[in-house]
Amino acid sequence: MGTCQSLLKGNRPVMGEEKPTIVFVLGAPGAGKGTQCEKIVNEFGFVHLSAGDLLREERNTPGSEYGELIENHIRNGTIVPVEITCNLLENAMNKSETKKFLIDGFPRNENNLEGWNRMMGDKVNLKFVLFFDCPEEVCVNRCLKRGAAGSGRSDDNEESLKKRFNTYINDTMPIIEHYDKENLVRKVDANHSEDESGAYWFAPGHPSIHPKLVDRIPQDWMDVF
C-alpha cells in the first residue's frame with residue numbers, strides 16, 4: 001500500500017531482535033492519558049508515543065501526502081486509516097533507543113486492533129492496557145478548558161467533542177472490553193485531579209496503589225514499570 005511505503009521509506013525494520021514492551025493507554029478524550037503518561041515516563045523510564053500527536057505532526061508536515069486526510073478525520077472525530085497510524089508508531093519506535101513504550105490513544109477500534117495485530121503483533125510484547133475511566137461531563141469540561149487555554153488542537157471544541165465521544169463509546173469501548181476479557185486491562189479511576197489520578201491505580205484483584213510505593217505494586221506491574 002502506498003501509505004505504508006511512503007511512511008516507512010528509509011527506516012530499518014522495527015527494533016531488531018529484542019521485542020519492545022508495549023502498554024496501550026486508552027480512555028475518553030480528556031481522561032488524562034497524556035498527563036499521566038508523563039508521570040509514568042518520569043517515574044519508570046518509558047517513552048510516550050501519542051497516536052494523536054504523531055498524526056497531528058504528520059498533518060502539519062509540509063508536503064505530507066496525508067495531511068489533509070488526517071485533518072478531516074481529526075475534525076470529524078473519526079479514525080485515521082490504521083496503516084498510517086501503525087507506520088507512524090513503528091517509525092517512532094525505530095528512532096528510540098528505549099525498548100519500553102506507552103502507546104496513548106491506540107487501538108481505537110476493531111480495524112485498529114486487526115491492523116495492529118497484522119502489522120505489529122509479532123514485533124512487540126504487549127504487557128497490558130492502562131484504561132483511564134472518567135465521566136463524559138468531566139472529560140468534556142477538561143477538553144474545553146484546554147482549548148480555551150490555547151491547546152492549538154482543532155478538535156477541542158463542543159462539536160468535535162460530541163463526535164469524538166460517539167466514536168469512543170461505539171468503537172473504543174468494545175476494544176477495552178475485548179482486552180478486559182483477556183485479563184489485560186488495568187483500570188484507573190481518572191475522575192480526580194491530576195495528582196490524585198496518578199496516585200490511585202487499580203488492578204484486578206488488588207487494592208488501590210500509589211505508583212511510588214514500589215513494594216505495594218503487584219508483580220505483573222513491576223515486570224513492566
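Annotations
- Cα-based convex hull volume of region 96-154 per residue, rounded to whole Å³: 149
- Karplus-derived 3J(HN,Hα), 6.51/-1.76/1.60, for each residue of region 162-171, Hz, glycine and proline x: 4, 5, 5, 5, 4, 5, 4, 5, 7, 10
- For H48, distant residues with modelled amide H under 5 Å away: L102
- Given their separation in residues at 0.36 nm each and the Cα-Cα distance between them, N166 and K145 gain 5.5 nm when the chain is fully extended.
- Region 28-162 pair-distance distribution - Cα-Cα, 5 Å bins, rounded %: 2, 9, 18, 22, 22, 17, 9, 2, 0
- Gyration tensor verdict on region 53-120 (Cα atoms; rounded if a/c is under 1.5, prolate if a/b is larger than b/c, oblate otherwise): oblate
We did not get these values from a lab; they are worked out from the coordinates using the rules stated. The shown structure was predicted, so the numbers you read here are calculated from the model rather than taken from an experiment.
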